[in-house]
Amino acid sequence: LNLENYGKVSELQDDSSPLQIGTTGRYLDRSFSIVGRIQLQYELGFWNEWHFIDNKDQSGWIGEAMGQYMVTRLEKIDNPKLLAVAVDLEKKSNSLLKSKDNHPRFAGDQIYINNKPWTIREISTATCISGEGELPFKFDGGYTAVLVDLANSSKDFATLDFSEDPPFLFVGDMVDFDDLHFQNLKDLRFSEKRAGKEPKSISCTSCGGPLTINFPQFTNTVSCQYCGSVLDVTNPELKILSEFKTKDKHKPTLSLGAKCKLYEKDYTVIGYMRRSVTKDKILYPWEEYLLYNPKGYIWLNCTDNHWMVFAPIKGVPTANFTAFRPYAYFDNLKYPHFQSGEGKVDYAIGEFYWRVHQNDKAQLVDFVTAPYMLSLEKTKSEIIWTKGEYLPKEKVEEAFQLTSPLLLGIGIAPAQPNPLQKVWKRNWKIAVLSLIAGIIFQIGYCSKTLEKNVFTKNFTFVKDASEKSFVTDSFHLEGKDKNVQIEIKSPTLDNHYIYYAIALINSKTDIALDTGIELSYYHGVDDGESWSEGSAKESIIVEDVDEGDYYLRIEPESDVSSPLN
């Protein structure tokens, strides 16, 4: 790229960024030096795009917004005509990404660029208002463009910039501040003081109540805890954007300004929201606490006194919404679908990085593999994936060093681990060992079974015979309390039945054990299809027979006309 040094071409918005022209760093296997930047303004405020040159004389960009950093480089689009954009820039209406067939694309949709799948995370409009240093283009400032942020399951990040036709494609990664190994940073404390970003006290322009802005570099709006008015803190006149009108002020369990330590980082509670979902005319509310650290933010949620912590994730999970039971797949874990609904904001107080309004709505989809949850919030212009983890109340008490215990959770939370898991594992081991012992016992018992054929003989049934009943020869049964199986076969039985009344009789005691067996076999053709039912062979078991000499008395009855073997 041909670089031109234009210096500071327009007035820069002062901010608390620790970066500056001359800051150096290292990412992956390359060192780099920041040589310029542009500033862009959008609905939530400003962000910086820092231009750098690496040790291989290749340029790239470091996007810096709300404590997040994106390292990207320009890539060529193989077929840019597949992408178009429709937006009324003057009215600043919601942008629409369109395909070649003019089909609108929204946040959450998948598109292919250079034969690679991407998921649209956000569609927004931004204005480039200022720049400084060495830039890879002639900077005039003041242009407005549609920007489309993309991500994929490999945790890659990309941006489509429609400031030109065809659009630019910047591809890279979302990274943590420490991953960039910065050197020669600005004095952060001096920068915050110079930019007016130190904590400050203000008065609500609606009710006059005292408010504190703890993190001006992060906060865009503040909701007054006294009257519910939402103020735009980026506006010098603290313009009122909206108002929460509710009788129930929902006193938060954790107070604004409370500090805690989670995952080895210090956080401050700066915002509180009450949200809800309505299912089958039943309201399901929950609380959300915004926790801020200069290197990022997380959310602490409380539902029925159960606690979960959520953080934004890099990339997007692989999700299947059309399966019999939808699921999401992320970091080698499969998360089955748990619930979906439309969530809305009922009440909010404190500081927020976006313009919060009462009744703000988003589609919510939750996937659970305890103790984790993947949660998707979706609007037409933005999707947000977060990963949550269930926290026992004792960990929350420890993190905030609470002097009073939190209330016990009601019921079982969606991502709560099974509290009886240890007992279940113990019982499972006992059950397995019992099953093995039972199998060994059964094998031993069966090995002692005689499985001996004690009597076999052929007889012929003649319907017209004067005496159809008969007795068999005597046979001996060994062992005590054995089972005796009696089986009768009549291979020539055809479309008839025969019933045998049978008595197993002890020759010594004349005790008879009565039973019976019926054979029936029928077949034919119906509407061109053959059918059959019954069988010409049946058996029955006589249980618990004592040792001794026995014979059978058999009384047959049948509708057959010819002799039957």
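Things to note:
- In this structure, LYS76 and GLU237 have a Cβ-Cβ separation that, at R0 = 45 Å, corresponds to a calculated FRET efficiency of about 0.45.
- Mean Cβ neighbour count within 10 Å, used as a protection proxy, ranking 408-416, 199-207 highest first: 408-416, 199-207
- Packing here is the average count of other Cβ atoms within 10 Å per residue, and on that basis the peptides 483-496, 210-223, highest first, run 210-223, 483-496.
- FRET efficiency for the pair ASN55 and GLN20, taken as 1/(1 + (r/R0)^6) with r the Cβ-Cβ distance and R0 = 25 Å, rounds to 0.80.
- Lys pairs, the stretch 281-398 - Cα-Cα below 23 angstrom, 8 or more residues apart or on other chains: 21
- Each helix, a run of at least 4 DSSP H residues, gives -39500 (n - 2.57); summed and divided by the residues of the chain, these come to -2500 deg cm²/dmol at 222 nm.
- Whole-number percent relative contact order across the stretch 275-432, with pairs defined as alpha carbons under 8 Å at least 6 apart: 20 percent
- Given charges at beta-carbon only (K, R positive; D, E negative), |dipole| of the chain in Debye: 2300 debye
- Label zone at SER507 (point 7 Å along Cα-to-Cβ), backbone N below 17 Å, the stretch 461-486: 471-479
- Global form of the stretch 297-407, assessed from the alpha-carbon gyration tensor, a/c cut-off 1.5: oblate
- For the stretch 205-293, applying the loop criterion from DSSP together with a ceiling of 10 other beta carbons within 10 Å to the trypsin sites (Lys or Arg not before Pro) yields LYS245, LYS247, LYS281.
- Shown for the chain: the carbon plus sulfur share of the solvent-accessible area, taken with all protein chains present and a 1.4 angstrom probe, equals 49%.
- A simple spin-label model places the labels of ASP178 and ALA465 9.7 nm from each other, with each point 7 Å out along Cα-to-Cβ.
- Order by protection proxy (mean Cβ within 10 Å, highest first), peptides 542-550, 149-157, 106-114: 149-157, 106-114, 542-550
- Two-site label geometry, ILE412 and LYS251: point separation in nm, points 7 Å out along Cα→Cβ: 3.4 nm
- Available extension along the chain between ASP109 and ILE430 is 110.6 nm, counting 0.36 nm per residue and deducting the alpha carbon span.
- Listed values for the stretch 481-493 are Karplus-derived 3J(HN,Hα) couplings in whole Hz (6.51 cos²θ - 1.76 cosθ + 1.60, θ = phi - 60°), namely 6, 9, 8, 10, 9, 10, 10, 10, 10, 10, x, 8, 5, and x replaces Gly and Pro.
- Per residue, the accessible area of the chain comes to 58 Å² when a 1.4 Å probe rolls over the protein heavy atoms.
- Förster-model FRET efficiency, 45 Å R0, SER404 and LYS380, C-beta, rounded to 0.05: 0.55
- Taking the alpha carbon gyration tensor of the stretch 370-421, multiplying each eigenvalue by 5 and rooting it gives semi-axes of 27, 16, 10 Å, largest first.
- Between helix 421-447 and the chain: long-axis angle, C-alpha atoms, 0 to 90°, nearest 10: 20 degrees
- Spin-label model, GLN485 to GLU397: label points 7 Å out along the Cα-to-beta-carbon direction sit 6.4 nm apart.
The values are calculated or read from the model by the stated rules, or taken from the named source; none is laboratory data. Just so it is clear, the structure is predicted and the values come from calculations on it, not from any experiment. As a convention, Cβ positions derive from the backbone with ideal geometry for all residues, glycine included, and neighbour counts pool all protein chains shown. Side chains are part of the model used for accessible areas, which takes the heavy atoms of the whole protein and leaves out ligands, DNA and RNA. Shrake-Rupley method; radii C 1.70, N 1.55, O 1.52, S 1.80 Å.
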